[in-house]
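Trainee: Handing you this structure, nothing more for now.
Values in this text are rule-based calculations from the coordinates and carry no lab data. This is a predicted model, so every value here is computed, not measured. Positions of Cβ are generated from backbone atoms using ideal geometry, with glycine treated the same way; all protein chains shown enter the neighbour counts.
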Amino acid sequence: MSESARGEGGRVWTYKDGKPWYFLEEMYPEYGNLVPRDVATRAIFHVCVDLGLGVDGKNQVYLDVSHIPTEELNVKLGAILEIYEKFVGDDPRKIPMRIFPAMHYSMGGLWVDIDQQTNIPGLFAAGEVEYQYHGANRLGANSLLSCIYGGMVAGPNAVKYIRGLRRSVDSLPDSLYDQHRRKEDENFERILKMDGSENPYEIHRELGQWMTDNVTVVRYNDRIQKTEEKIVELMERYQRIGVSDKSRIENQTAQFTRHLWNMLQMARAITRGAYLRNESRGTHFKPDFPERDDEHFLKTTKATWTPDGPKIEYEDVDVSLIPPRTRNYAVAKEATEQ
Amino acid sequence: MVQADSHSQFLLRRLHTLAGVVPVGLFLLEHLFTNSMATNGAAAFNSAAATIESIPFLHFIEFFFIFVPLIYHGVYGLYVAFTSGYNSGQFPWWRNVMFILQRLTGIITFVFIIFHLWTTRFSGKAPTFEMVHQLVSNPAYFWFMLIGTVAATFHFSNGIWSFCVHWGITVGQRAQRVMSYVTMILFIVLAGVGVDALIAFTHTAS
Amino acid sequence: MTEVATQQGRSTTEQVLENGQQKFVHLRIQRQDGPDAQAYMQEFAVPYTPGMNVISCLMEIRTNPVDKNGRPVTPVVWEMNCLEEVCGICTMVINGKPRQACTSLVDKLEQPIDIKPMRTFPVIRDLMVDRGRMFDALKRVKAWIPIDGTYNLGPGPRMPEKDRQWAYELSRCFTCGACVEACPNVNDRTSFIGPFALSQARLFNEHPTGMMNRADRLDALMGEGGIHECGNAQNCVEVCPKGIPLTTSIAAMNRQVTYHAMGAWLKK
């Protein structure tokens, strides 16, 4: 279910003492159901996990749009409500939907400079693949903003970059390309020959489970540390994968195995970054460090690949135009401005 | 690229649907009407036939307004039926079944018309009640005519439905649904008229 | 843009027991090792979990690639992406009907679940097909609005809300291929571009800016494999997962094409 259901007036509630409890409206009277998604997520988590008040005792709460006229729903949310109905069988126009926060998005991305160029010269990135927009939280419609703005900047800059080159593709020796091609070919051949006992999809499932349990909504350093150890263990097990499919036509297992290595690397960078950031900011929430720590962490985390695991650095955030203020959704915006 | 596209297939198809309804379809209606005169007795039919015989330039009209469109509609129709796929086993929905029936009745009608013309129009005999009576007295011929009549009237009625879609007359789902009721009622009426006339021909002229 | 999961289909490890026995989902899958290889059937039994769909069954198979009798097999090849019926790539023929594997819930399917690729398209391997012809068709009918240029063209004309609402329905087409698969007139003997392309031409002809290229699209629809190849079997509208009024679109385009053709002829 999309967040737009809340945006169009959906109300989140669960039962408390036998009566509907609109906990977002109660906890955040100024913003109610329109609080940012990280705040809503933590509230739902708190209600289900800490208070044990999930609907039917499960980790789920109601997202209710049934008070909105059906015609309006069909015009504004028709497509997503139809999908819910297909999957669940209840009509959300009449019966509140049962929901729980889920992973949808990774806020980080490739580092780019002001011209949208990555640290690989000539490689430009635009849209949600790069890191610039979301910071500690993803705001609605920023995805569109990033692809429109990033594309507008990256396109002309790519042309400018090409014009400024003294040497281009044709003037480089063929051996250079052959050499890299051979390296990739060899890598793929190696994957095809893997005949250990591990299943790549099983490793992937375990990775997903560990990351979801420990590096998402609520983060504790000891668990994060254990997760990184687990990732290292999975990387060892990766070497013992058996690729059951030896075909050279659309071999998805081999392809997945190739991607899985990158996923493990990526997961490790996320985990390490989360471990080192001892504060709470946006979606990054550590109960042991519940406050935002601008002095130490008003920074962007940068992870660089090294053979010994990710190297973490920080880059200052430009706050020259908008000074940071307390993020408090329990009171009106004016109250947080000094 | 787009400009280079030939529109000939499109035109041939549109002419095919048009030919089926305007000259051929109108002729079918006229033919059924004349035949139904037989229900009023041999004299009524013979007089109606004689009236048609007396139309000036009859051969010219027959050739250009009936035979040419009919042959075109029939031959091109066979090609259409050949290029169509048939998958009502997998998708047994009403319109898909009608789609297949339309092609099937088209082929039946094609064969029927050739034989029908052979035994009547091109038999060298005068088109009288007595001639038809002789033919339909043979039970095999009678049943052949019956099947042919039903197939032809179905093909015509359902063809009107397709025509209305092909020419963009019935656009919405409701319009198309209403039209399918209308055309099916038309089919029942026309098939009834045709069969009724056929039965009338089986009675002796007296 | 799923940000909140529905409760169903979340658990992957929870086992379901029936009379103390693990319950299984039975599948019969048509396999094909390559584009020119022979097709063959293979049967599978995967452990049942509540809320399962066909995708999760296929995922079970790749995690434990053995057939019904426990013999090792190569994992079934198929494509998936969004898992919420908006990308169209997991379309396959499930129990005889073309539909998306992601919204094919096991609880609502008769077993053994019969799964085949959409044979109207070239099969690459197993359930994976090449839907390239659909994208070629969209290019043929210019299913886009050309606004790129060297200067800002301004905001363009507005569209009445009433029209936007029905045009939105057409815009929900995700090129899944179900209509092409079900259409009897898309076959080896014709070059019919398929129902979806006619509907997309209508969508862009309706758009106030897209309207400026209306004649190009209508010319394309009158070209080879165009709108005249439609035989009104209307299977398309029955199988469309988004309930797009494809047959209305086709009739509406028939009308536009009729006027266009007559107008062009009379003006010459």
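Trainee: Determine, for A:V75, C:V186, the number of other Cβ atoms within 10 Å of each Cβ, and report the residues in order from fewest to most. List each step's numbers first, then the result.
Mentor: Values: A:V75 13, C:V186 24.
The order, fewest Cβ neighbours first, is A:V75, C:V186.
Trainee: Where the centroid of each part is defined by its Cα atoms, how far is segment C:79-114 from segment B:33-105 in Å?
Mentor: 44 Å
Trainee: Can you find, among B:L198, B:N46, B:M131, the residue sitting farthest towards the positive end of the charge dipole of chain B, where Lys and Arg contribute +1 and Asp and Glu -1 at Cβ?
Mentor: Sorting the options by dipole projection puts first B:L198.
Trainee: When the dipole is taken about the Cα centre of segment A:1-147, and only Lys, Arg (+1) and Asp, Glu (-1) are charged at their Cβ, what size is it in debye, to the nearest 20? Numbers along the way, then the final one.
Mentor: Values: 13 positive and 20 negative charges, 72 e Å.
Dipole size: approximately 340 debye.
Trainee: Shielding of B:89-101 by partners, i.e. mean partner chain Cβ atoms within 10 Å per residue? It would help to have the intermediate numbers written out before the result.
Mentor: Values: counts 1, 8, 12, 0, 7, 2, 8, 9, 1, 3, 7, 3, 0.
Mean partner-chain Cβ count within 10 Å for B:89-101: 5.
Trainee: Relative contact order for chain B: what is it in percent, counting Cα pairs under 8 Å that are at least 6 residues apart?
Mentor: Working: 167 pairs, mean separation 63.5, N = 206.
Normalised by residue count, the contact order of chain B is 31 percent.
Trainee: With everything on Cα atoms, drop me the angle between helix C:246-267 and the longest principal axis of chain C, reported from 0 to 90° to the nearest 10.
Mentor: 20 degrees
Trainee: Which value results for Rg/Rh of the protein assembly as shown when Rg is the Cα radius of gyration and Rh the Kirkwood radius based on the inverse mean 1/r?
Mentor: Dividing the radius of gyration by the Kirkwood radius yields 1.07.
Trainee: Defining a contact as two alpha carbons under 8 Å apart and six or more residues distant in sequence, what relative contact order in percent does chain A show?
Mentor: On the way: 404 pairs, mean separation 45.9, N = 338.
RCO, chain A: 14 percent.
Trainee: With springs connecting C-alpha atoms under 10 Å apart, model chain B as a Gaussian network and identify which of B:G172, B:G41, B:G74 has the largest mean-square fluctuation.
Mentor: In the Gaussian network model the winner is B:G172.
Trainee: Moving on. Size of segment C:15-72 along its principal axes in angstrom, Cα-based, largest extent first?
Mentor: 44, 22, 17
Trainee: Among all cysteines in chain C, which have no other cysteine Cβ under 4.7 Å from their own Cβ?
Mentor: C:C57, C:C90, C:C102, C:C173, C:C176, C:C183, C:C230, C:C240
Trainee: So, one more: If I fit a long axis through the Cα atoms of helix C:161-171 and take the longest principal axis of the Cα atoms of chain C, what angle between them do I get, 0 to 90°, rounded to 10?
Mentor: Once rounded, the angle reads 50 degrees.
Trainee: Considering chain A as a Gaussian network with a 10 Å cut-off on Cα pairs, which listed residue, A:Q132, A:Q60, A:Q255, attains the greatest mean-square fluctuation?
Mentor: Looking only at A:Q132, A:Q60, A:Q255, the biggest GNM fluctuation is shown by A:Q255.
Trainee: Could you work out which residue, out of B:I55, B:I66, B:I147, moves most in a Gaussian network model of chain B, that is, has the largest mean-square fluctuation with Cα springs under 10 Å?
Mentor: Maximum among the listed residues: B:I55.
Trainee: Now a separate question. Strictly greater than 25 Å: what percent of every Cα pair in segment A:203-337 meets that?
Mentor: Working: 3732 of 9045 pairs.
Counting pairs separated by more than 25 Å, the tail of P(r) holds 41 percent.
Trainee: Still on this structure, please answer the following. Rounded to the nearest 500, what is chain B's calculated 222 nm mean residue ellipticity when only DSSP H runs of at least 4 contribute -39500 (n - 2.57) each, over all residues?
Mentor: Values: 9 runs with 152 residues, N = 206.
Computed ellipticity for chain B at 222 nm equals -24500 deg cm²/dmol.
Trainee: Just need the Rg to Rh number for segment B:90-177, please, alpha carbons only, Kirkwood Rh.
Mentor: 1.13
Trainee: Next up: Can you give the mean number of other chain Cβ atoms that lie within 10 Å of the Cβ atoms in peptide B:18-30?
Mentor: Values: counts 0, 0, 0, 0, 0, 0, 0, 0, 0, 0, 0, 0, 0.
Average neighbour count from other chains, rounded to a whole number: 0.
Trainee: What is the Rg over Rh value, at two decimals, for segment A:246-308, using alpha-carbon atoms and the Kirkwood definition of Rh? Display every interim value, and only then the final one.
Mentor: Numbers: Rg = 17.4 Å, Rh = 14.3 Å.
In segment A:246-308, Rg relative to Rh is 1.22.
Trainee: Please give the charge dipole size of chain C, origin at the Cα centre, charges +1 on K and R Cβ atoms and -1 on D and E Cβ atoms. Round to the nearest 20 debye.
Mentor: Working: 30 positive and 29 negative charges, 147 e Å.
My answer is approximately 700 debye.
Trainee: Now a separate question. Where does the charge balance sit around C:V77 when Lys and Arg score +1, Asp and Glu -1, over other residues with C-beta under 11 Å from its C-beta?
Mentor: -2
Trainee: Which of C:Y151, B:Y79 has the fewest other C-beta atoms within 10 Å, and how do the rest follow up to the most?
Mentor: On the way: C:Y151 5, B:Y79 12.
Least crowded to most crowded, the residues run C:Y151, B:Y79.
Trainee: Moving on to the next point. Across peptide C:79-86, how many C-beta atoms of other chains are within 10 Å of each residue C-beta, on average?
Mentor: 2
Trainee: Still on this structure, I have one more. Taking only DSSP H segments of four or more residues, each worth -39500 (n - 2.57), what value at 222 nm results for chain A once the sum is divided by all its residues, to the nearest 500 deg cm²/dmol? Walk me through the numbers before you get to the answer.
Mentor: Details: 10 runs with 141 residues, N = 338.
When only DSSP H runs of four or more count, the value is -13500 deg cm²/dmol.
Trainee: How compact and how long is chain C, expressed as Rg and Dmax of its alpha-carbon atoms in Å?
Mentor: 21.9, 80
Trainee: Is any helix in chain B, taking whole DSSP H runs, at least 27 angstrom long along its axis by alpha carbon and on average at least -0.5 on the Kyte-Doolittle scale, and which ones? Write down the numbers at each step before the final one.
Mentor: On the way: long enough: B:94-119 (36 Å, 1.23); B:139-166 (39 Å, 0.95); B:173-202 (44 Å, 1.29).
Passing helices, by number: B:94-119, B:139-166, B:173-202.
Trainee: Turning to a different aspect of this structure: Which entries of C:K162/C:K242; A:K58/C:K116; A:K302/A:K333; A:K16/A:K58; A:K16/C:K108 have Cα-Cα distances beyond 25 Å here?
Mentor: Beyond 25 Å: A:K58/C:K116; A:K302/A:K333; A:K16/C:K108.
Trainee: Using a ≥ b ≥ c from the Cα gyration tensor of segment C:137-183 (square roots of the eigenvalues), is it rounded, prolate or oblate, where a/c under 1.5 gives rounded and otherwise the larger of a/b and b/c decides, a/b for prolate? Kindly include the intermediate steps, with their values, before the conclusion.
Mentor: Working: a/c = 3.97, a/b = 1.52, b/c = 2.61.
Here segment C:137-183 falls in the oblate category.
Trainee: Something else now. Return the ratio Rg/(2.2 N^0.38 Å) for segment C:112-245, where Rg is computed over Cα atoms only.
Mentor: Details: Rg = 16.4 Å, N = 134, 2.2 N^0.38 = 14.1 Å.
My calculation over the Cα atoms of segment C:112-245 gives 1.16.
Trainee: If you average the C-alpha positions of segment C:24-62 and of segment B:153-205 separately, how far apart do those two centres end up, in angstrom?
Mentor: Spelled out, the Cα-based centre of one part sits 47 Å from the other.
Trainee: Give the average over all directions of the projected area of the C-alpha convex hull of segment A:98-213, one decimal, in nm².
Mentor: Numbers: hull surface 47.3 nm².
Average projection, Cα convex hull of segment A:98-213: 11.8 nm².
Trainee: While we're on this one: Give me the angle, in degrees from 0 to 90, between the Cα long axis of helix A:221-238 and the longest principal axis of the Cα atoms of chain A, rounded to the nearest 10.
Mentor: Its long axis makes an angle of about 40 degrees.
Trainee: When a footprinting reagent is the concern and you count Cβ atoms within 10 Å, what order do A:L73, B:L101 take, fewest first? Mind dumping the intermediate values first?
Mentor: On the way: A:L73 20, B:L101 15.
Sorted ascending by nearby Cβ count, the order is B:L101, A:L73.
Trainee: Follow-up question, since we're still on this one. Using Cα positions and a limit of under 16 Å, work out the lysines in reach of A:K183, with same-chain residues fewer than 8 apart set aside.
Mentor: Candidates past the 8-residue exclusion: A:K193.
Trainee: Would you kindly calculate the mean projected area, averaged across all directions, of the convex hull enclosing the Cα atoms of segment B:144-206, in square nanometres?
Mentor: Values: hull surface 18.8 nm².
Projected over every direction and averaged, the Cα hull of segment B:144-206 covers 4.7 nm².
Trainee: Now for a separate question. Report the rotationally averaged projected area of segment C:39-171 based on its alpha-carbon convex hull, in square nanometres. Please list the in-between numbers first.
Mentor: Working: hull surface 48.7 nm².
Value for segment C:39-171: 12.2 nm².
Trainee: Still on this structure, please answer the following. Can you give the helix-only mean residue ellipticity at 222 nm for chain C, where every DSSP H stretch with n ≥ 4 adds -39500 (n - 2.57) and the sum goes over all residues, rounded to the nearest 500 deg cm²/dmol?
Mentor: Details: 8 runs with 82 residues, N = 268.
Value at 222 nm, helices only, nearest 500: -9000 deg cm²/dmol.
Trainee: Right, here's the next one. For segment A:111-155 and segment C:134-209, what is the centre-to-centre distance using only Cα atoms, to the nearest Å?
Mentor: 29 Å
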